[in-house]
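Peer 1: Encoded as structure tokens, here's the structure I'll be asking about.
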């Protein structure tokens, strides 16, 4: 019983810590490193370690927190994150099954790209109904490209580091599990 | 087992998201949102203040030459400021005298709300900021946001009960109708998305624009009053094959260092 309470408390603390760290990266890091999406990197790495669907719950809470401080219509970020996590799981289970560092970077970049596609699609859809303007310019594409590249790189570096400590993520052990 | 767990989680979370969106549409989720915001705003505020402090304390130069150039430019600017200050004093005295003589009535000011900047928007790809005033203070989407005594810095794009999100002029989604203070009072559109500077497009090619000309809002948009300062012309691009000329502007305020600002509520 006590173990369950401690585990739940730990999970809540982890969600809060990730969100606060994301706030700090967003506010303090210099351009273009402010584009690193820590929430996405965390969810991606969690999905690599556990594909049972628990990551969707983390995504739900972090998505709700993000929704409080973004300019898009409520639900756009949340749904984009939800669909992105489902597509990423499918991608990691059926296509990019290798766990080398390069494949992790590629998978993270592809996953971030699909997140942005979902986001833009849903944003355009809601803007059409709420009669809000959203302009897609070359600068928007450049900002998204920075975000995808830097987040993928950050995810790969984090994976390299964590896989040394956490056996389940280490490519040398994956085949024997 | 894993697949069934995933299916269960997917359906449960999909259902929760649909409920959340529906509840939010009916404003039933406002209480929860306010509590969550109260938890996170101190962290956003702290990181925002820390970021401003860092930017205030450090200035980076690539080499010695760049540093000395910046130093000389600062000296010249200081000298010019002294001259301006002297002429401003004379003009102020003259103005006060004229006011007394003509019994000048002070212009009606726009109703505005003072707000503090909490931090940046968490959607990292946008140049938007979060302020601590919202719907309960009378703010509406589209309200212009100014600093000092009328320098336009952006427009409110989203309003919640206790916070609002302001899109800065430097954001790539931003567009504002503007006028150059020159002989022809040239009209154009000021757009963001060019790093620290902003660009004024659609200026007729036959109108003379000089470097240093001031750019203000034109008042052609229903929500933005005329005469709010945007910046100064820093460079002009007038190509023979283009139907319009463009001006690159230096904004009158540094978009990354706001602490307090005012939201103009109505024209």
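The values are calculated or read from the model by the stated rules, or taken from the named source; none is laboratory data. Everything numeric in this text was worked out from a predicted model, so none of it was measured. With ideal geometry, Cβ positions are generated from the backbone for all residues, glycine too; neighbour counts draw on all protein chains shown.
Peer 1: Among the residues of the range B:12-24, what is the count of those that are more than 8 Å from chain A (Cβ to nearest Cβ) and either surrounded by 11 or more Cβ atoms within 10 Å (Cβ to Cβ) or at positive phi (or both)?
Peer 2: Count: 5.
Peer 1: Looking only at the range A:115-139, which residues are in contact with a helix residue (DSSP H, G or I) (Cβ under 9 Å, 6 or more places away or on another chain) and modelled with pLDDT of 80 or more? Explain how you work it out, then say what you get.
Peer 2: Taking the range A:115-139 and keeping what is in contact with a helix residue (DSSP H, G or I) (Cβ under 9 Å, 6 or more places away or on another chain), we get A:115-123, A:125-126, A:132-134, A:136.
Of everything in the range A:115-139, those that are in contact with a helix residue (DSSP H, G or I) (Cβ under 9 Å, 6 or more places away or on another chain) and modelled with pLDDT of 80 or more turn out to be A:115, A:116, A:117, A:118, A:119, A:120, A:121, A:122, A:123, A:125, A:126.
Rundown of residues vs (1) at pLDDT 75 or above; (2) in contact with a helix residue (DSSP H, G or I) (Cβ under 6 Å, 6 or more places away or on another chain); (3) in a helix (DSSP H, G or I); (4) within 14 Å of another protein chain (Cβ to nearest Cβ), yes/no style:
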{"residue": "B:34", "(1), (2), (3), (4)": "yes, no, yes, yes"}
{"residue": "B:42", "(1), (2), (3), (4)": "yes, no, yes, yes"}
{"residue": "B:79", "(1), (2), (3), (4)": "yes, no, yes, no"}
{"residue": "B:88", "(1), (2), (3), (4)": "yes, no, yes, no"}
{"residue": "B:96", "(1), (2), (3), (4)": "no, no, yes, no"}
{"residue": "B:109", "(1), (2), (3), (4)": "no, no, no, no"}
{"residue": "B:126", "(1), (2), (3), (4)": "yes, no, no, yes"}
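This table checks each residue for (1) more than 14 Å from the chain's Cα centre (by Cα); (2) modelled with pLDDT under 90; (3) more than 29 Å from residue B:157 (Cβ to Cβ).
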{"residue": "A:47", "(1), (2), (3)": "no, no, yes"}
{"residue": "A:50", "(1), (2), (3)": "yes, yes, yes"}
{"residue": "A:64", "(1), (2), (3)": "no, no, no"}
{"residue": "A:69", "(1), (2), (3)": "yes, yes, no"}
{"residue": "A:73", "(1), (2), (3)": "yes, yes, no"}
{"residue": "A:78", "(1), (2), (3)": "no, no, no"}
{"residue": "A:89", "(1), (2), (3)": "no, no, yes"}
{"residue": "A:95", "(1), (2), (3)": "yes, yes, yes"}
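Peer 1: Let me ask you something else. Restricting the search to the range A:1-32, which residues are in contact with a helix residue (DSSP H, G or I) (Cβ under 6 Å, 6 or more places away or on another chain), more than 9 Å from every other protein chain (Cβ to nearest Cβ) and in a helix (DSSP H, G or I)?
Peer 2: If the condition is that a residue be in contact with a helix residue (DSSP H, G or I) (Cβ under 6 Å, 6 or more places away or on another chain), more than 9 Å from every other protein chain (Cβ to nearest Cβ) and in a helix (DSSP H, G or I), then A:15, A:18, A:21 are the ones that fit.
Peer 1: Oh, and also: Quick one: would you say residue B:224 is assigned to a loop (DSSP other than H, G, I, E, B) and closer than 23 Å to residue B:139 by Cα?
Peer 2: Values: assigned to a loop (DSSP other than H, G, I, E, B): yes; closer than 23 Å to residue B:139 by Cα: yes.
Yes.
Peer 1: Next question. May I ask you to verify whether residue A:85 is surrounded by 17 or more Cβ atoms within 10 Å (Cβ to Cβ), within 17 Å of the chain's Cα centre (by Cα) and more than 8 Å from chain B (Cβ to nearest Cβ)?
Peer 2: yes
Peer 1: In addition: Considering only residues that are touching a residue at least 60 places away in the same chain (Cβ under 8 Å) and either surrounded by fewer than 21 Cβ atoms within 10 Å (Cβ to Cβ) or under 16 Å from the mean Cα position of the chain (by Cα) (or both), which ones fall in the range B:223-247? Quick ask: steps written out before the conclusion?
Peer 2: Filtering the range B:223-247 down to residues touching a residue at least 60 places away in the same chain (Cβ under 8 Å) leaves B:223-225, B:227-230, B:247.
Hits for the range B:223-247 are B:223, B:224, B:225, B:227, B:228, B:229, B:230.
Peer 1: Moving on. Among what's in the range A:39-80 and is free of Cβ contacts under 8 Å to residues at least 60 places away in the same chain and closer than 16 Å to residue A:152 by Cα, pick the residue that is surrounded by the fewest Cβ atoms within 10 Å (Cβ to Cβ).
Peer 2: Start the filter on the range A:39-80 by keeping residues that are free of Cβ contacts under 8 Å to residues at least 60 places away in the same chain, which leaves A:39, A:42-43, A:46-47, A:50-80.
In the following step, the residues that additionally are closer than 16 Å to residue A:152 by Cα were identified as A:39, A:42-43, A:46-47.
Values: A:39: 23, A:42: 23, A:43: 24, A:46: 17, A:47: 24.
Among those residues, the one meeting the criterion is A:46.
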